[in-house]
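A.B. asks: Can you keep this structure in mind? I'll have questions shortly.
None of the figures in this text is laboratory data; all of them are computed from the coordinates on show. Note that the coordinates shown come from a computational prediction; the quantities given were computed from them, not determined experimentally. Positions of Cβ are generated from backbone atoms using ideal geometry, with glycine treated the same way; all protein chains shown enter the neighbour counts.
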Amino acid sequence: MKKILFLVLSLIIVTKSSLAADFNSCKVLYDDQKYNNAANCFYQRIKANPNDIQARFYYAASLYFDRQYNLSYAQYKYIAQKYPNTEIGKYSKAEAAKVYRRVTAIKKARENDTGDYAGILNYRSKWYKMPVKIWVEPGPYKTTALKAFYEWQIKSSGLVNFSIVADPKYAQIKVYFVDTINDPVSDHNIGLTKLRYIGNMNMSANIQILQRTDSNQMRTNAQIYPVVLHEAGHALGISGHSDRNNDIMYENNFTNDTHLSDRDINTLRAIYK
Ligand SMILES: [Zn+2]
């Protein structure tokens, strides 16, 4: 946890020291869906020039996609109030309302975060022996991927737990970062888990995570994390998806929250009980 925090902090410091960032280089980060970096970049722009309304607008949008909803709301609101009769002001007013609805929906989903979705799964299977041996391909995402697996371990109070092996030959779960997903289920797969089981006993799981965005840029760790968290759920034996977007196992998890819900953990418990 400390390590992650350190990484985040150093990222911010690096960005803050590069004051020269112009609008277009911030926009490249935004277009590349590196929203956290984009937000820091646009923040520097508006700090240097508070009246750069276009930068402020993109700052608000970057914050939104980076799931910093309260900050995003405040920025949209600021634009709407300062420039009420302009196009960007009117648009910001609508966006502020959108952010508000999103925050309300998340709050509501969290308040209703009870029960499980084990009943609607396609199949349930489990690892019979703990710890499950896991291997993650070395590279820029290894720490992030392991953090996602440990999140399942921590939140389930060790009901599932993992040990890391150095050689994929001895691993039960293997995680690969790829440029093209082999044998995808759909064109939109950004992660894919192939789980082999006999009866309800898991034998092996092979996870592929798409490491590049549509514009062929490497994804950030923040983008990779929820994808691994989701695929780890499949590798644990959750075959199928939740029907609520507050759960990490909702099918389109990329646009949703990045945390394990109580329902995710309750579903895991229903399988492993
Ligand atoms: Zn899935």
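A.B. asks: Mind listing the Cα extents of the chain along all three principal axes, in Å, largest one first?
C.D. replies: Taking max minus min along each principal axis of the Cα atoms, the chain gives 64, 38, 36 Å.
A.B. asks: Now a separate question. Positive end of the dipole of the chain, charges at C-beta (+1 Lys, Arg; -1 Asp, Glu), about the Cα centre: which of ILE190, ALA96, ALA171 has its Cα farthest in that direction?
C.D. replies: Highest projection toward the positive end goes to ALA96.
A.B. asks: Of the listed peptides 141-151, 100-110, what is their order by residue-averaged count of other C-beta atoms within 10 Å, with the highest listed first? Write out the running numbers ahead of the final one.
C.D. replies: Numbers: 141-151: 19.5, 100-110: 12.9.
Result, highest mean Cβ count within 10 Å first: 141-151, 100-110.
A.B. asks: Provide Rg and Dmax in Å for region 118-272, with only Cα atoms included in the calculation.
C.D. replies: 14.3, 41
A.B. asks: Using Cβ contacts closer than 10 Å as the measure, can you line up HIS188, HIS230, HIS241, HIS259 from fewest to most?
C.D. replies: Numbers: HIS188 10, HIS230 30, HIS241 19, HIS259 14.
Listing HIS188, HIS230, HIS241, HIS259 from fewest to most nearby Cβ atoms yields HIS188, HIS259, HIS241, HIS230.
A.B. asks: For MET201 and LYS169, FRET efficiency with R0 = 35 Å and r from the beta-carbon atoms, rounded to 0.05? Don't skip to the end; give the middle numbers.
C.D. replies: Numbers: r = 21 Å, r/R0 = 0.59.
For R0 = 35 Å, the calculated efficiency reads 0.95.
A.B. asks: I'd like the distance between the alpha-carbon centres of region 73-87 and region 208-273, rounded to an integer number of Å.
C.D. replies: 35 Å
A.B. asks: Give the lysines whose C-alpha is closer than 23 Å to that of LYS126, dropping any in the same chain fewer than 8 places away, or say none.
C.D. replies: Reachable lysines: LYS147, LYS155, LYS169, LYS174, LYS194, LYS273.
A.B. asks: Follow-up question, since we're still on this one. Nothing charged except the Cβ atoms of Lys and Arg (+1) and of Asp and Glu (-1): what's the magnitude of the dipole of region 118-272 about its Cα centre? Round to the nearest 20 debye. Spell out each step's value before the answer.
C.D. replies: On the way: 16 positive and 14 negative charges, 128 e Å.
Roughly 620 debye for region 118-272.
A.B. asks: Okay, next question. Give me the percent of DSSP beta bridges within region 98-248 that run antiparallel, rounded to the nearest 5.
C.D. replies: Close to 45 percent.
A.B. asks: Name the residues whose placed amide hydrogens come within less than 5 Å of the amide hydrogen of VAL132, ignoring near sequence neighbours (fewer than 5 apart) on the same chain.
C.D. replies: ASN161, PHE162, SER163
A.B. asks: A follow-up question, please. Between ASN49 and ASP31, what is the label-to-label distance in nm when each label sits 7 Å out along the Cα-to-Cβ direction?
C.D. replies: 1.9 nm
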